[in-house]
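Student: Dumping the structure here so I can ask a few things about it.
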Amino acid sequence: QVQLVESGGALVKPGGSLRLSCAASGFTFTDYYMTWIRQAPGKGLEWVSYISSTTIYTNYADSVKGRFTISRDNAKNSLYLQLDSLRLEDTAVYYCARLITGDGGYLDSWGRGTLVTVSS
Amino acid sequence: QSVLTQPPSASGTPGQRVTISCSGSSSNIGINTVNWYQHLPGTAPKLLIYYNDQRPSGVPDRFSASKSGTSASLAISGLQSEDEADYYCATWVDSLNGWMFGGGTRLTVL
């Protein structure tokens with residue numbers, strides 16, 4: 001079955017950097033777009049970024065544009081999110097999810113998330 | 001503040017039917033499909049409904065949804081204690097080239 005496992009979350013100071021990983025299994029990773037979604041404490045879900053299956057297309061929410069970078073290694077069935085210039089408001093659980101494209105698309109499988117805490 | 005508006009809370013007793021609304025605009029729900037997700041804190045969010053009213057395999061038919069104009073709604077019939085969770089609507093937003101989620105509705109089973 002589809003399995004997505006995030007890792008890399010940690011406590012980091014404002015201005016710091018972190019790299020999150022998402023290990024995918026149970027499906028042909030190269031066939032799918034992937035996304036990152038986050039949830040700040042006490043808040044709702046917020047879309048962060050997506051990447052196409054061949055990495056040609058990426059996009060970011062305005063709140064992270066220029067600071068976060070999404071990437072993937074199809075040989076390793078892995079998705080990544082590089083978080084730079086971290087701010088207090090980036091504190092959240094970060095989820096990776098598989099994207100089904102077409103007619104708006106939807107996220108059909110999610111991981112359990114990894115916690116990023118930005119604090120001095 | 002989300003562009004998709006959901007009530008912050010909803011409640012019902014076991015066996016009841018509850019509905020959760022999601023209000024958008026002509027630039028989001030009005031022109032794109034709506035998806036619904038169920039999230040129990042500490043777990044992976046789960047896809048409940050896609051393309052406005054389609055249920056993935058494994059989702060009970062107690063869950064149904066519809067869309068009309070710039071609004072959508074999720075209905076849960078035969079409410080069960082295990083349905084207590086947060087529910088989010090979401091849609092693609094062309095101007096963002098990305099997704100927008102509603103603020104979420106916390107469902108309490110009394």
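None of the figures in this text is laboratory data; all of them are computed from the coordinates on show. Fair warning: this is a prediction, and the values are worked out from it, not measured in the lab. Note that each Cβ is placed from the backbone with ideal geometry, even for glycine, and that neighbours are counted across all protein chains shown.
Student: Please state the relative contact order of chain B as a whole percent: Cα pairs under 8 Å, 6+ residues apart? Write out the running numbers ahead of the final one.
Tutor: Working: 276 pairs, mean separation 42.3, N = 110.
Contact order relative to length: 38 percent.
Student: Relative to the compact-globule scaling 2.2 N^0.38 Å, provide the ratio for the alpha-carbon radius of gyration of the protein assembly as shown.
Tutor: On the way: Rg = 17.2 Å, N = 230, 2.2 N^0.38 = 17.4 Å.
With N residues counted in the protein assembly as shown, Rg over 2.2 N^0.38 Å equals 0.99.
Student: What order do you get for A:D90, B:D86, B:D94 when you list them from fewest to most C-beta neighbours inside 10 Å? Could the numbers behind the result be given before it?
Tutor: On the way: A:D90 23, B:D86 20, B:D94 11.
Taking fewest neighbouring Cβ atoms as first place, the list is B:D94, B:D86, A:D90.
Student: Let me ask something else about it. Just how many % of Cα pairs in the stretch A:21-120 lie over 17 Å apart, if you round to the nearest whole percent?
Tutor: Values: 2409 of 4950 pairs.
Percentage above 17 Å: 49.
Student: Can you pull the percent of Cα pairs in chain B with separation above 17 Å?
Tutor: Numbers: 2956 of 5995 pairs.
Result for the distance tail: 49 percent.
Student: In which sequence would A:E89, A:E46, B:E82, A:E6 go, from the one with the fewest C-beta neighbours within 10 Å to the one with the most? All intermediate terms of the calculation are to be shown ahead of the outcome.
Tutor: Details: A:E89 11, A:E46 18, B:E82 8, A:E6 23.
Ranking A:E89, A:E46, B:E82, A:E6 by Cβ neighbours within 10 Å, fewest first, gives B:E82, A:E89, A:E46, A:E6.
Student: What FRET efficiency comes out for A:D84 versus B:D61 if R0 is 41 angstrom and r is the Cβ-Cβ distance? Round to the nearest 0.05. Mind showing how you got there, number by number?
Tutor: On the way: r = 46 Å, r/R0 = 1.11.
The calculated FRET efficiency here is 0.35.
Student: Roughly how many nanometres apart are two label points built 7 Å out from the Cα toward the Cβ at B:T108 and B:T43?
Tutor: For B:T108 paired with B:T43, the spin-label model returns 2.0 nm.
Student: Ok, one more. Using +1 on the beta carbon of Lys and Arg, -1 on that of Asp and Glu, and nothing else charged, what's the dipole of the stretch A:1-105 about the Cα centre, debye to 20?
Tutor: Values: 10 positive and 9 negative charges, 50 e Å.
Its charge dipole is roughly 240 debye.
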